[in-house]
1. State the Cα centre-to-centre distance between the range 71-96 and the range 251-314 in whole Å.
2. Check cross-link reach from residue 29 to the lysines: straight Cα distance under 17 Å, and skip same-chain residues fewer than eight apart.
3. Add +1 for every Lys or Arg and -1 for every Asp or Glu among the other residues with Cβ under 12 Å from the Cβ of residue 19, and state the total.
4. For a Förster distance of 22 Å, can you work out the FRET efficiency between the beta-carbons of residue 31 and residue 68, rounded to the nearest 0.05?
5. What's the center-to-center distance, using Cα atoms, between the range 98-141 and the range 174-214 in Å?
6. Size of the dipole of the chain about the Cα centre, Lys and Arg at +1 and Asp and Glu at -1 on the beta carbon, nothing else charged, in debye to 20?
7. Tell me the mean residue ellipticity at 222 nm calculated for the chain from its helices only (DSSP H runs of n ≥ 4, each -39500 (n - 2.57), averaged over every residue, nearest 500).
8. So how do 116, 94 line up by other beta-carbon neighbours within 10 Å, fewest first?
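What follows draws every value from the coordinates through simple rules; no lab data is involved. Values in this document were obtained by computation on a predicted structure and should not be read as measured data. Ideal geometry is used to build each Cβ from the backbone, glycine not excepted, and the neighbour counts take in all protein chains shown.
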Amino acid sequence: MSTTPREAGFRMPAEWAHQEAVWLSWPHKTESWPGFFEAIPPKFAEIAALISRFQEVRINCAAELQDTARHWLDASGAVPGRIRLFDHATDDAWCRDHGPIFVKHRETGEVAATDWRYNAWGDKYPPYEQDNRIPGLIAEALGLRRFVFDSVLEGGSIDVNGAGLLLTTEACLLNPNRNPGLDRGAVERMLRDGLGVDGILWLGDGIEGDDTDGHIDDLSRFFREDGIVTVVDPDPASPNHEPLRENLARLRTLRTPAGRPFDIRELPMPERCEREGQVMPASYANFLIINGAVLYPTFRQPARDFQAGVVLADCFDGRQIIPVDCLDLVWGLGTLHCISQQQPA
């Protein structure tokens with residue numbers, strides 16, 4: 001590549017910046033939700049319908065799946081004219097990770113797509129060749145400039161504040177199943193060049209049951225330029241207690257470019273979610289920010305679900321805070337943020 005996004009004047013905006021659309025990939029891989037797949041297409045449609053109240057929803061959906069998708073979208077009450085289906089075949093439904101990571105020019109406002117290599121979280125779930133083609137297909141369909149990289153990077157592994165800072169984890173980005181030839185310094189250069197950021201903030205390990213090796217969007221998220229909301233588990237007997245305590249301690253040592261501590265808000269973890277002996281990576285941090293609202297996952301735990309909503313309402317004053325039952329969705333090992341990718345306006 002002759003010019004990087006950074007050199008060309010691009011930067012990844014914060015998720016709370018105004019969005020043109022949210023991208024999804026229509027679910028069809030039954031093995032991702034074994035025994036419970038029948039609940040997933042209507043759940044995707046419900047989520048798309050909620051988003052469509054605020055903005056456009058664009059869905060990667062192969063032609064042979066579009067009749068089924070339209071059936072569920074119509075049944076869910078999606079806003080007419082705010083749903084667009086694109087004949088883009090996929091292997092699975094995790095658009096946060098196989099979709100493009102969008103960047104925006106800091107002066108002209110041009111939006112471009114960064115196209116990173118996708119290997120299904122360290123070659124865990126082949127095949128993924130169709131998923132790996134999605135960023136190029138989206139860029140072509142929208143007529144966007146496209147920056148192509150040989151390195152692996154998943155959208156769920158990073159979070160940005162839109163002002164030059166990026167939050168990530170050592171457990172994922174330094175895992176040899178992603179970019180085995182890159183050390184920490186090389187990964188930081190990759191992120192700076194590819195996403196136009198200046199500073200990289202590192203946390204440690206992820207939560208129990210997370211097959212992504214510690215994606216940040218199950219742990220800690222920016223809610224404003226100098227504010228981070230992070231999950232905690234006060235139960236010393238929980239496997240999540242110590243890694244989340246260590247991440248919180250790290251966050252408290254971090255400083256903004258102006259030298260001030262971040263405003264750290266603590267978000268509860270749900271009680272442990274298990275199905276058929278498998279621990280599911282349920283986390284309230286997997287929320288999705290859209291224009292005028294925040295959709296957050298709930299897990300049929302009324303007290304904890306409510307508490308999480310209160311914390312997020314305090315973080316995102318002025319936005320509607322909308323709970324979405326994600327207990328069946330997380331059986332596929334991800335929820336709202338994992339299935340979506342925002343496109344900035």
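1. That distance is 26 Å.
2. Within the straight-line cut-off, residue 29 pairs with 43, 124.
3. -1
4. The value I calculate is 0.80.
5. Cα centroid of the range 98-141 versus Cα centroid of the range 174-214: 17 Å apart.
6. That gives a dipole near 960 debye.
7. When only DSSP H runs of four or more count, the value is -7000 deg cm²/dmol.
8. Arranged by neighbour count, lowest to highest, 116, 94 become 116, 94.
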